[in-house]
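**Q** Quick one: the structure is below, and I'll ask about it shortly.
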Amino acid sequence: MATVNFILKKSNKDGLSPIFLLFQQNGKKFKYYTKLKVLPADWLKIQRVNVSKHNEQVAKEINLILDDLRNSISEIERETIFFKKNYNINTFKKKFYISIGHLAPVSGFFCFIR
């Protein structure tokens, strides 16, 4: 079973820590930089931004973005179950990047030539 966690990296000079998505499956993993930053004091152990300590609207937006990323991973996991596939970590990563729009799906004539 795969796990998805959000982790904070070391703070920058402004005191903000970047948020990374960490995906692990069968001992293999990949990290994705969410391009979001938060004060470590505002980060909860449940991998959420504390709404009471942070600007409420910004905290809600950050939490929604994190939820969307987690849901993208969940969709790929459901796809593996539905189609009875066993994706390796590279396939999972590729499908994740396609689902969030960082990679265009391969289609057309050149998808058949490898």
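**Q** Compute, for segment 3-112, the length of the dipole vector about the Cα centre, with Cβ point charges of +1 (Lys, Arg) and -1 (Asp, Glu) only. Units Debye, rounded to 20.
**A** For segment 3-112, the charge dipole is close to 460 debye.
**Q** Using Cβ counts within 10 Å as a stand-in for footprinting exposure, how do Tyr33, Tyr97 rank, fewest first?
**A** Final ranking by Cβ density, sparse to dense: Tyr33, Tyr97.
**Q** I've got another one for you. Once the chain is represented by equal point scatterers at the alpha-carbon sites, with solvent omitted, what log10 I(q)/I(0) does the Debye formula produce at q = 0.11, 0.23 Å⁻¹?
**A** Log10 of I(q)/I(0), two decimals: -0.44, -1.30.
**Q** From the square roots a ≥ b ≥ c of the eigenvalues of the alpha-carbon gyration tensor of segment 4-47, which class results: rounded (a/c under 1.5), prolate (a/b over b/c), or oblate?
**A** prolate
**Q** Phe92: net charge of surrounding residues, Cβ under 12 Å, Lys/Arg +1, Asp/Glu -1, itself excluded?
**A** Overall, the nearby charge balance is +3.
**Q** Under a crude label model (7 Å from the Cα following the beta-carbon direction), how far is Asn26 from Lys60 in nanometres?
**A** Between Asn26 and Lys60, the simple spin-label model gives 4.2 nm.
**Q** Which cross-chain or sequence-distant (5 or more) residues have an amide H under 5 Å from the amide H of Phe6, H modelled 1.01 Å from N in plane?
**A** Leu22
Every number in this text was worked out from the coordinates using simple rules, so none of it is lab data. Predicted model only: the values in this text are computed from it and were never measured. Every residue, glycine among them, receives a Cβ derived from its backbone with ideal geometry; neighbour counts consider all protein chains shown.
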